[in-house]
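Readers should treat all values here as calculations from the given coordinates under stated rules, not as data from a laboratory. It should be emphasised that the depicted structure is a prediction, and the values quoted were computed from it without experimental measurement. Quick reminder, even Gly has a Cβ in these numbers, built from the backbone with ideal geometry, and neighbours come from all protein chains shown.
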Amino acid sequence: MTTDVHYVDNARPRPADTDSAPDDAATLQALAQQHLIMHFTPAAAYDETPPTVMVSGEGCWLTDASGKRYLDALAGLFCVNVGYSHGAEIGAAVQEQLARLPYYTNWGYAHPPAVKLAAKVASLAPGNLRRVFLTSGGSESNEAAVKLIRQYHQARGDHARTKFIARRVSYHGTSYAALSLNGMTSFRKTFEPLMHGVRHVSNTKRYKRPAEETEEQFTALLLQELETLIIQEGPDTMAGVFVEPLQNAGGSLTPPNGYAAGVRKLCDKYGLLLVADEVICGFGRLGEWFGSTRYGLEPDIITFAKGVSSAHAPIGGMITTDAVIDTVLAGSQGMYLHGLTFGGHPAACAAALANIEVMEREDIIGHVRRTEDYFRQKLSTLLPHPLVGDLRGDGFHYSLELVTDKVGREWAAQPASTDFVAQHLGPALVAEGILCRAAVDHEGTPLIQFSPPLVFDRHHIDWLTDKVRLVLDRCATAAGLTR
Ligand SMILES: Cc1ncc(COP(=O)(O)O)c(C=O)c1O
C-alpha cells in the first residue's frame, strides 16, 4: 500500500499562487509579511503593521499599492539622485546592453560599458584619482578599499600596518570590514568580534560643543585626538582612515574649517591612506560630482555607489591613484587580490552611464548649487519651533535635531525620545505623505533627515517645510509637550 502525503498549509499561500496573485495592497502586504525578510525592519512589521508597498514613482513622488502618494525627501535611501522619471530612458540603455552582451566578467577581461564607466568616473573624480574598480554597492566598495590598503602596505614592506580609524556614529555598510568600520555600536556589537584593529575618533558634530569654542579650536581638538590615537596605537601599525566628506549618520555633520586639510596632513605625516566614503556624498548630493571637492578633502581613495546609477541598478566602486594601485600591482602577489562576479556588470554599468548622461544633460548638479541656499533658508524657518534645536547640512543633505530643552540642547521630557519618534513623529510624517528619516541619535535626541532627489525644486521644498511644521505642531500637542 502506498500512502501519498500532501502537506497543506492553509495559512500560507503556496508559492505558485503568487504568479496569479492580484497586485492589490492587501495581497501584496500579506505576501510580504509571509515571505519577504525586510532589511533593518522591526519585528512588529511582520505581524502588527503591514509594510507599505511602493508601486510607482514620478519626479520626487511615490505611490503605494493603495494609491497613497508620498513626497520622497530621502531619495529612496539617499540614492535616487535623478528622481523617478528617468527609468524609461535608463532602462532603454540597460535593455540595449542586455540584448548585445548581458554579462561578461571583469576578471581578466573587460567589456565596453565597464571601460567607458571607469573612464567617465575617472574624468569626474578630483585630483589624480583615475583608476576605478567596480562593485555592486557601497559596502562592497568599502570592503574593496580595506583590502587595497592592506595590500598597499604589504607591497611596501609595512606588514604591521593593519589598523584603521573611522569616526564615531559613522555608517560604512554591513559586510564584515565595512561593518567593522561603523561607528554605530548598536549595529556592531551583535556581530563582534569584528575585524581586528578598528579604532574610532570623534565626528564633527558641533551642536553640543561649548558655545564659546571657536570653529578653529574645534578643528584643533579633533585633529589632536586623531594624532594622539595614531601615536598611541603606533604609527607603523596604522593602515588608513575612513571619513565621509559630510557624515550622514549623526545628522548631516559637516567638517569644520581646516579639518579636511588637517586629516590629510596627519595621514601624510604618519603614512596612512585616506579614504573618502562618498557612497552618499558622491554624484551631486553636495553640489559637486564628489563631496571631497566641496570641502577640499584630498583622499587616496574614493568609494562610491548609490547615486552613480541613481539606484537604477546596483553598482558602486572605488577610485584610486596610479601610485596606490601600481604599488599593489607591483607587489609580491602581482595583482589586486579581489574580485566579484557582479562587479562592473554590463547592465549596471550601462545604467550608470545613462544616469550620468541625464545628470549632465539636465545640469542636475547646477540645480543643487542654485537651490541649496533656498533649501537651507526655508528649513531654517523651522528653527523657532519649540522642538527644533539645530539645522545643519549642505547641498541637498540636511538634518533637524529635536530637543525639548533648547538651552541644555537635550531631550529632557516625557515621552522619551525613542517613544516620541516611534509613536508620534515617524507615523505622523508618513501619514502626511513625507518620506524622510526620523530616528533617535546616539545622544538620545531625535533627528529628522532630508536627502531628497537632486531634482527637488522650490515647490517641493515649500511643501515639505509646511508639512514638517504641521507634523511637529501636531506631535508636540499629541505627546503633551506643549505645556
Ligand atoms: C556612507 C555609506 N557608506 C556605505 C554604505 C553601504 O552601502 P550599501 O548599502 O550599498 O552596501 C552606505 C549605505 O547607506 C552609506 O551611507
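Taking other Cβ within 10 Å of each residue's Cβ, how do M238, M335 sort, fewest first?
Arranged by neighbour count, lowest to highest, M238, M335 become M335, M238.
For each of L337, L387, count neighbouring Cβ atoms within 10 Å of the residue's Cβ, then give the residues from fewest to most.
Taking fewest neighbouring Cβ atoms as first place, the list is L337, L387.
Only four residue types carry charge here, +1 at the Cβ of Lys and Arg and -1 at the Cβ of Asp and Glu. Report the dipole size of the chain about the Cα centre in Debye, rounded to the nearest 20.
Charge dipole, the chain, about its Cα centre: 760 debye, nearest 20.
With labels modelled as points extended 7 Å from the Cα through the Cβ direction, what inter-label distance (nm, one decimal) is found for D466 paired with D419?
Simple spin-label model gives 3.4 nm for this pair.
Measure out, as a whole number of angstrom, how far apart the alpha-carbon centroids of the range 355-416 and the range 269-317 sit.
21 Å
So between Y103 and A122, what do we pick up on full extension, going 0.36 nm a residue minus the alpha carbon distance?
Taking 0.36 nm per residue and subtracting the Cα distance, the gain is 4.6 nm.
Please arrange H200, H39 by how many other C-beta atoms lie within 10 Å of their C-beta, fewest to most.
Result, fewest neighbours first: H39, H200.
From the helices alone, meaning DSSP H stretches of at least four residues, give me the mean residue ellipticity at 222 nm for the chain, per-run term -39500 (n - 2.57), in deg cm²/dmol to the nearest 500.
That calculation yields -11500 deg cm²/dmol at 222 nm.
Taking R0 as 25 Å, what's the FRET efficiency between T27 and S85 from their Cβ-Cβ distance, rounded to 0.05?
0.35
For the chain, restrict the atom set to alpha-carbon positions and state the Rg and Dmax in Å.
Computed over the Cα atoms of the chain, radius of gyration and Dmax are 23.6, 89 Å.
Under 20 Å from a point 7 Å along the Cα-to-Cβ line of E215: which residues of the range 277-302 have their amide N that close?
286-288, 291-298
Take each of the peptides 459-466, 229-236, average the number of other beta-carbon atoms within 10 Å over its residues, and list them starting from the highest.
Taking the mean over residues of other Cβ atoms within 10 Å, the ranking is 459-466, 229-236.
If the cut-off is 15 Å between C-alpha atoms, which aspartates and glutamates fall inside it for K378, apart from same-chain ones fewer than 8 positions away?
D390, D394, D457, D462, D466
Just the Kirkwood number for the range 364-478, please: inverse of mean 1/r across all distinct Cα pairs, in Å, one decimal.
By the Kirkwood definition, the hydrodynamic radius is 14.4 Å.
In nm, to one decimal, how far is the N257 label point from the Q95 one, both placed 7 Å along Cα→Cβ?
If labels sit at N257 and Q95, their model points lie 5.4 nm apart.
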